[in-house]
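Okay, so here's the structure we're looking at.
The values are calculated or read from the model by the stated rules, or taken from the named source; none is laboratory data. This structure is a prediction, so every number in the text was calculated from the model and none was measured. Backbone-built Cβ (ideal geometry, glycine too); neighbour counts: all protein chains shown. In case anyone asks, the SASA skips ligands and DNA or RNA and just uses the protein heavy atoms, side chains included. Shrake-Rupley method; radii C 1.70, N 1.55, O 1.52, S 1.80 Å.
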Amino acid sequence: MNVSSTGYNFAYLNEQTKRMIRRALLKAVAIPGYQVPFASREMPMPYGWGTGGVQVTASILKPDDVLKVIDQGADDTTNAVSIRDFFKKTAGIATTEVTKDATIIQTRHRIPERELEANQILVFQVPIPEPLRFLEPRETETRKMHALEEYGLMHVKLYEDISRNGQIATTYAYPVLVEDRYVMDPSPVPKFDNPKMHEMAALQLFGAGREMRIYALPPFTRVKSLDFEDHPFEVQKWDEPCAICGTIGSYLDEVILDNSGNRMFCCSDTDHCRSELENAAEAAQ
Amino acid sequence: MYVAVKGGEKAIRNAHALFDEKRRGDVSVPEITPDQIREQLSFSVDRVMSEGSLYDPDLSALAIKQARGDLIEAIFLIRASRTTLPRYGSSKPLDTSKMKVERRISATYKDIPGGQILGATFDYQHRLLDFSLAEQKLPSESVDEIQGDEVLDDKIPRVLDILNNEGLIEPASMESDESTPPPDLTRDPLDFPATRSLRLQNLARADEGFLLALGYSTQRGYARNHGFAGEIRIGAVAVEFAPEELGFPIEIGEIIVSECEMINQFKGSKSAPPQFTRGYGLAFGQVERKVMSMALVDRALRADELGEEKIAPAQDEEFVLSHSDNVKATGFVEHLKLPHYVDFQAELELVRKMRATSQVMKEAAE
């Protein structure tokens, strides 16, 4: 057993706990999109701040892993910094901000712009794992609905959106259908990121600590965002490029510049923005 | 450019340092010690132990100091610490009838075998600010003199047993014998429907304020079951553990607990004549308000079992058990402080688009 200088076991959790979580992960991988209950532990960071993702990462982390942590696409947001520090301290592993160098990427609210590879694992922090929760608050009911593949309620909701607003009024945590079986919450990533989940080469693991659920998308799983034939799924688009790196087609944050409401748009994925800027500089030389 | 949220490592370090400084407060005032907290703020210590699910007055006092007196934060510190502890097994069920009683009252009988024992309570105090407490005082009469020298009985009979002898109250339920291990919600995810013992486990570590409000709501007509405080007893009980290699139980220590047995009305049903029913509360330390609320909520949650119509939040197992944990609740509510600008951006874009669409439709209509 590997004890770090903090007096805690490698990556904080004891080995029995990790084994329990790995069993849940294996089951989750075997049934893509199915929410596996697991005995989530209290962690030294608050519920709702990534305890599920942290437990998943702690359970799969090896000493030679290179970890990247992002929140809102950025490595330098406060909570990402805090979680990265946590693993640096309790596991002594290497960390990086460079997407292609990471073996494990823990994320909240985004999928990196750069296409992920087969040797990488993407760990999502999930607040409400149940895609049907806001339609039906009872767990006993929603589990039944999943078991019976009874997703009519969800389609009615999307239909009502269209009849009322002319479009589906869900912009993030946009529900997906996994391998034509389970409707799954993709975590609160903007729907812009949904297509990246489809047939991704990397393993995608989802941890919801407070709600005690783990689910997964094995590599190359078919993931379809719910839609209708006459109202096909579409993602957000911006009219302008990133104000910093000039790329078109990445997800942009809106930054208010002054009191009169002037604003600029720049890449939410900070590593993407930096590498685009470097590429442009190289090309110019 | 945008430093408010993307503050990074340095800002976090500084925030922590500032927190430490604020915790210490004015350095001309002596620093408080965990010993002082344990001895002089014992109700806080007890609450943190009970909702932190860890019987350790010293750690509890330390957590309260570290959290600057924020009890939910202290409970969180205790939970995060206890979760790393190894699990050796389950103790034998506590025998609270052998409690060394410090306080024991019944509201249902004027006098009871074993007597009403008030103990240390603020029940009958006039809530007038005692300005003399602002000064440091020397210790006055010792507790022995106040208590007198009456020796309490070794085993004090339970008030509810007296009722039970007449068959007026349902027997205490025995859900499982000792051979089946009790459920453990810290090791198995909560599943519905929950057994009563699992519910009680959840309520024992539940937020006091949440239980208080729910218990109160049952008194105000939301699933009214009119409770009587049959018996409340507080004191030390022995904890017994049977190590596998030994094969028989040994006493490993004593803990102070509060226990409340509530007597509630029951109209009777097709299969059962009218009789009194039970609600039960038990938690670490002296936490009377907590265990009384717990007993009311426990009784309300037995609606299905007793064939009662479910009309109120306090009877709704999923609602109560899913929202009772203050560490979970505070984490999720406070996570709204985390940046959400990616999702907010998506919403902004949608609202702009929908406003533009409705403008176009309006203009077309005109």
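Some observations on this one:
- Among beta bridges identified by DSSP and lying wholly in the protein assembly as shown, the antiparallel ones come to about 75 percent.
- When you count the other C-beta atoms within 10 angstrom of each residue and take the mean per peptide, B:311-319, B:188-196 line up highest first as B:311-319, B:188-196.
- The mean number of Cβ atoms from other chains found within 10 Å of a Cβ in peptide B:184-192 is 5, as a whole number.
- To the nearest ten degrees, helix B:71-82 and the longest principal axis of the Cα atoms of chain B are 80 degrees apart.
- Semi-axes of the equivalent ellipsoid of chain A are 29, 28, 16 Å, computed as sqrt(5λ) over the eigenvalues of the C-alpha gyration tensor in descending order.
- Taking the Cα centre of the protein assembly as shown as origin and assigning +1 to Lys and Arg Cβ atoms and -1 to Asp and Glu Cβ atoms, the resulting dipole is close to 400 debye.
- Projected onto planes of every orientation and averaged, the convex hull of the alpha-carbon atoms in region A:4-78 covers 6.3 nm².
- Of the residues A:CYS245, A:LEU217, A:HIS231, the one whose Cα sits farthest toward the positive end of the charge dipole of region A:212-253, with +1 on the Cβ of Lys and Arg and -1 on the Cβ of Asp and Glu, is A:LEU217.
- Across the cross-link table entries B:LYS92/B:LYS270; A:LYS196/B:LYS10; A:LYS144/B:LYS267; A:LYS18/B:LYS310; B:LYS110/B:LYS267, which are compared at the Cα atoms, the separations over 29 Å belong to B:LYS92/B:LYS270; A:LYS196/B:LYS10; A:LYS144/B:LYS267; A:LYS18/B:LYS310.
- Averaging the sequence gap over all C-alpha pairs within less than 8 Å and six or more residues apart, then dividing by the number of residues, gives region A:170-285 a relative contact order of 18 percent.
- Angle between chain B longest axis and helix B:341-365 axis [Cα atoms, degrees, rounded to 10]: 60
- Karplus-derived 3J(HN,Hα) values for region B:104-118, using 6.51 cos²θ - 1.76 cosθ + 1.60 with θ = phi - 60°, are 7, 9, 10, 9, 9, 10, 5, 10, 9, x, x, x, 7, 10, 6 Hz; glycine and proline are entered as x.
- Computed over protein heavy atoms with a 1.4 Å probe, the carbon and sulfur contribution to the accessible area of region B:9-82 reaches 54%.
- Pairs of Cα atoms in the protein assembly as shown fall into 20 Å distance bins, from 0 up to the last occupied one, in shares of 16, 44, 31, 9, 1 percent.
- Note that chain B carries a Kirkwood radius of 24.2 Å, evaluated over its alpha carbons pair by pair.
- Mean per-residue shielding of peptide B:346-355 is 5, counting Cβ atoms of other chains within 10 Å of each Cβ.
- Of the GluC sites (Glu not before Pro) found in region B:39-138, those in coil by DSSP whose Cβ has at most 13 other Cβ atoms within 10 Å are B:GLU135.
- Compared with the rule-of-thumb size 2.2 N^0.38 Å for a compact globular protein, region B:9-82 has a Cα radius of gyration ratio of 1.16.
- Test item: A:169-176 mean partner chain Cβ contacts at 10 Å: 4
- Region B:34-118: chymotrypsin sites (Phe, Trp or Tyr not before Pro) in DSSP coil with no more than 11 other Cβ atoms inside 10 Å: B:TYR88
- Candidate residues B:GLU251, A:GLU113: accessible-area rank, largest first, probe 1.4 Å: B:GLU251, A:GLU113
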